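**Q** Dropping a structure here in structure tokens format, bear with me for questions.
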Amino acid sequence: MGRTAASVPNGNLKTQLNGNKLKSAIYKKNGYHNKAQRFQRPESFEQAPMYVAVMTYLGFGIVTLFGYFRDFLRAMGLEKCQIANEREEQKDFVPLYQDFENFYTRNLYMRVRDSWNRPICSLPGPVFDVMERVSPDHNWTFRLTGKTIDNVINMGSYNYLGFAENNADFLKTVAARTQQYGLGVCSTRQEMGNLAIHEELERLVAAFLGVESSMALGMGFATNSMNIPALVGKGCLILSDELNHTSLILGARLSGATIRVFKHNNMQSLERLLREAVCTGQPRTHRPWKKIMIMVEGIYSMEGSVVRLPDIVALKKKYKAYLYLDEAHSIGAVGPTGRGVTELFGLDPSDIDVMMGTFTKSFGAAGGFIAGKKELVDYLRSYSHSAVYSSAMSPPIMEQILRVMKCIMGLDGTTVGQARVQQLAENTRYFRSRLQEMGFIIYGNDDSPVVPILLYMPGKVVAFSRAMLKRKIGVVVVGFPATPITEARARFCLSASHTKAMLDQVLFDLNEVGDDLCLKFSQRKYSPRPQQHNNNDGTGQSANILIG
């Protein structure tokens, strides 16, 4: 199916998407050039007391020693071996993996496995239902009891704006698109899978971001891992933030480019690498690098920190480098109108060479996008493996993205989208400030809806997760090797769909659990200050109240 004119449900949409006029209007309306916004928002990375680090290492040491002891008992036949074993006829084969590679899984992870992969049996909105399960063999296997834990407050999903919902009135257009196009395209865009709705989505994404063009892809992870190799290769240099997501790291490795890592959000470290790259060139030959690309994220999903974008843009201009910005967690979630960190800092979108984002979080859908200059996007349509070889996006998924994006932009004639963006910002500030007052150590930026609470010790990670579930609060806990060994944490993700009553309940339980497990490690003193919070009761009416 060739390129066709998009079918536009909104009669005025076609007029509103007229290129430069719309981009200029967006700049003026949303303050992309507002110099007053160009400042670094406060971030917190408080260090724990020394005894906490000592106890953390000691805890890992103890469980490791017990792991070796249990392996000895299994080898002697004194303890039943629960793990899969190679068959006798394969004993002479080279093993697929070394035995020690599974040491952590069988001796540490299995003891706390019940804290992860919990089966959900409802819509993952602000609350959900969890299927109850028990283990007769210390977490090696699980058995469902047939019961459910109902109305668990969801503090772990990336449903930032609450659009992962089942409101029948909101989803009418999605149902209509499903009837019109079906569920799947079963072809690539270059063959028979290029629908009018694909081009409508890409024009709307470009208008939303204020750039010339965009390209929608079916998988967020592949948007990074498959497009980076099409942009850089041998003879190019990638400067990557040390906390970048795995998809960025994989894409950089697949590209064949030289990779150098700079310290997280450290401009001195980045500039030192840029200066060295420009001055010395490639190793051995000292020829100039073909390209130098800086790769960063908008919001870092484990730290909750926001990229220092104005400083990075200044450096990339100074040293004539390219900038690849991953806005997976920031698009829709930050900025006065939800347009990400570019808007948050009042920067011109044209300063970002490659803008990447996903639809899996704020938009409650699936897939990702690459946006920027038209020449860039046209090039990737032909040379990106993800664009050429993957099946085109599913039509109902695209309609979900379209309805959410139109809602955020106000093209649906309502202010629901902007109200949700504002509500998320208020929830974020309220939740973070209360946690600091309680004495928890939290990481990240004041504007970030990702809120990591530091737990540190391995025993407290699983105890925290179990205690919160007993109180009907679903949380995500993360430890080594996903985090540094001394920085295990619980990661809370705020949503616009969280009411104040929900947040207060979570905070109340957090306060109790924090006292019971001795998790309040902060040595800073925060004085309670009144904050305005939009108390939405779900009826569409809201009132500003003061929170002590």
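**Q** Out of the residues in the stretch 121-169 that are aliphatic (A, V, I, L, M) and more than 16 Å from Leu469 (Cα to Cα), state the one that is modelled with the lowest pLDDT.
**A** That would be Ala168.
**Q** Just checking, how many residues over the stretch 232-254 are open to solvent by 20 Å² or more (accessible area, probe 1.4 Å) and either of a type in the set (A, V, I, L, M, F, W, C) or under 21 Å from Ser301 (Cβ atoms) (or both)?
**A** Number of matching residues: 8.
**Q** May I pose another question? Can Ile153 be described as over 30 Å from Thr337 (Cβ atoms), in contact with a strand residue (DSSP E or B) (Cβ under 6 Å, 6 or more places away or on another chain), among the hydrophobic types (A, V, I, L, M, F, W, C) and in contact (Cβ under 8 Å) with a residue 40 or more places away in the chain?
**A** Here the answer is no, as Ile153 does not meet what is asked.
**Q** If you don't mind, there's one more thing I want to ask. From the list Tyr383, Tyr379, Tyr456, which residue is on the phi > 0 side of the Ramachandran plot and over 20 Å from the mean Cα position of the chain (by Cα)?
**A** The unique qualifying residue is Tyr456.
**Q** Continuing with this model, one more query. Is it fair to say Arg177 is among the charged types (D, E, K, R), within 26 Å of the chain's Cα centre (by Cα) and either open to solvent by 30 Å² or more (accessible area, probe 1.4 Å) or farther than 19 Å from Ile370 by Cα (or both)?
**A** It is false that Arg177 is among the charged types (D, E, K, R), within 26 Å of the chain's Cα centre (by Cα) and either open to solvent by 30 Å² or more (accessible area, probe 1.4 Å) or farther than 19 Å from Ile370 by Cα (or both).
**Q** May I ask you to verify whether Arg339 is open to solvent by 10 Å² or more (accessible area, probe 1.4 Å), of a type in the set (Lys, Arg), free of Cβ contacts under 8 Å to residues at least 40 places away in the same chain and in a loop (DSSP other than H, G, I, E, B)?
**A** For Arg339, the condition - open to solvent by 10 Å² or more (accessible area, probe 1.4 Å), of a type in the set (Lys, Arg), free of Cβ contacts under 8 Å to residues at least 40 places away in the same chain and in a loop (DSSP other than H, G, I, E, B) - is not met.
**Q** Could you please tell me which pairs satisfy a Cβ distance under 9 Å, a separation of 6+ or placement on different chains, a first residue in the stretch 215-228 that is in contact (Cβ under 8 Å) with a residue 12 or more places away in the chain and over 19 Å from Gly298 (Cβ atoms), and a second residue that is open to solvent by 10 Å² or more (accessible area, probe 1.4 Å) and aromatic (Phe, Trp, Tyr)?
**A** Met226/Tyr389
**Q** Would the stretch 405-423 turn up any residue that is farther than 29 Å from Lys172 by Cα, among the small types (Gly, Ala, Ser), surrounded by fewer than 23 Cβ atoms within 10 Å (Cβ to Cβ) and touching a helix residue (DSSP H, G or I) at 6+ places or on another chain (Cβ under 9 Å)?
**A** no
**Q** Provide a single number: the residues in the stretch 385-395 that are open to solvent by 20 Å² or more (accessible area, probe 1.4 Å) and more than 19 Å from Asn227 (Cβ to Cβ).
**A** 1
**Q** Could you tell me which residue of the stretch 277-297 is modelled with the highest pLDDT, considering only residues that are part of a loop (DSSP other than H, G, I, E, B) and loosely packed, with under 11 Cβ neighbours inside 10 Å?
**A** This residue is Arg287.
**Q** I've got another one for you. For the stretch 380-426, give me each residue that is among the hydroxyl-bearing types (Ser, Thr, Tyr) and in contact (Cβ under 8 Å) with a residue 60 or more places away in the chain.
**A** Tyr383, Ser384, Ser386, Tyr389, Ser390, Ser391, Ser394
**Q** Given the residues Gly514, Gly538, which is the only one that is of a type in the set (Gly, Ala, Ser) and either open to solvent by 80 Å² or more (accessible area, probe 1.4 Å) or at pLDDT below 80 (or both)?
**A** Only one candidate qualifies: Gly538.
**Q** Also, quick follow-up: Out of the residues in the stretch 255-268 meeting the condition of being crowded, with 17+ Cβ neighbours inside 10 Å and of a type in the set (Gly, Ala, Ser), tell me which one is nearest to His385 (Cα to Cα).
**A** Residue satisfying both the conditions and the ranking: Ser255.
**Q** Go through the stretch 373-463 and tell me which helices (runs of 4 or more DSSP H), entirely inside it, have 2 or more residues that are among the aromatic types (Phe, Trp, Tyr) and over 26 Å from Phe345 (Cα atoms).
**A** Helices (runs of 4 or more DSSP H) meeting the threshold: 374-383.
**Q** For Arg491, all conditions in the list (1) assigned to a helix (DSSP H, G or I); (2) open to solvent by 10 Å² or more (accessible area, probe 1.4 Å); (3) at pLDDT 95 or above hold save one; what is the number of the exception?
**A** Of everything listed in (1) assigned to a helix (DSSP H, G or I); (2) open to solvent by 10 Å² or more (accessible area, probe 1.4 Å); (3) at pLDDT 95 or above, Arg491 misses just condition (1).
**Q** For Thr105, state whether it is loosely packed, with under 12 Cβ neighbours inside 10 Å, out of contact with any helix residue (DSSP H, G or I) (no Cβ under 7 Å at 6 or more places or on another chain) and part of a helix (DSSP H, G or I).
**A** Yes; evaluated as a whole, the condition is true for this residue.
**Q** Let me ask another. Quick one: Gly125 ticks every box in (1) open to solvent by 50 Å² or more (accessible area, probe 1.4 Å); (2) within 29 Å of Asn166 (Cα to Cα) except a single one, so which number is it?
**A** (1)
**Q** Among (1) surrounded by fewer than 14 Cβ atoms within 10 Å (Cβ to Cβ); (2) touching a Ser or Thr at 6+ places or on another chain (Cβ under 7 Å); (3) not aromatic (Phe, Trp, Tyr), which single condition is Met131 missing?
**A** (1)
**Q** Okay, moving on. Looking at the structure I just gave you, is Ile352 touching a helix residue (DSSP H, G or I) at 6+ places or on another chain (Cβ under 7 Å), buried (at least 24 other Cβ atoms within 10 Å of the Cβ) and at pLDDT 95 or above?
**A** yes
**Q** Cβ contacts < 8 Å: first residue assigned to a loop (DSSP other than H, G, I, E, B), restricted to the stretch 111-124; second residue modelled with pLDDT under 90 and open to solvent by less than 70 Å² (accessible area, probe 1.4 Å), any location; separation 6+ or different chain. Result?
**A** Pairs found: Leu123/Glu165.
Residues are listed down the side, and each one gets a yes or a no for (1) of a type in the set (Gly, Ala, Ser); (2) over 25 Å from the mean Cα position of the chain (by Cα); (3) crowded, with 16+ Cβ neighbours inside 10 Å; (4) under 30 Å from Arg106 (Cα atoms):
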position: Ser157; (1), (2), (3), (4): yes, no, yes, yes
position: Ala168; (1), (2), (3), (4): yes, yes, no, no
position: Tyr181; (1), (2), (3), (4): no, yes, yes, no
position: Glu199; (1), (2), (3), (4): no, yes, yes, no
position: Glu202; (1), (2), (3), (4): no, no, yes, no
position: Ser214; (1), (2), (3), (4): yes, no, yes, no
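The values are calculated or read from the model by the stated rules, or taken from the named source; none is laboratory data. Being a predicted model, the structure only gives us computed values, none of them experimental. No Cβ is skipped: glycine too gets one built from the backbone with ideal geometry, and neighbour counts run over all protein chains shown. With ligands, DNA and RNA removed, areas are computed over all heavy atoms of the protein, side chains included. Shrake-Rupley method; radii C 1.70, N 1.55, O 1.52, S 1.80 Å.
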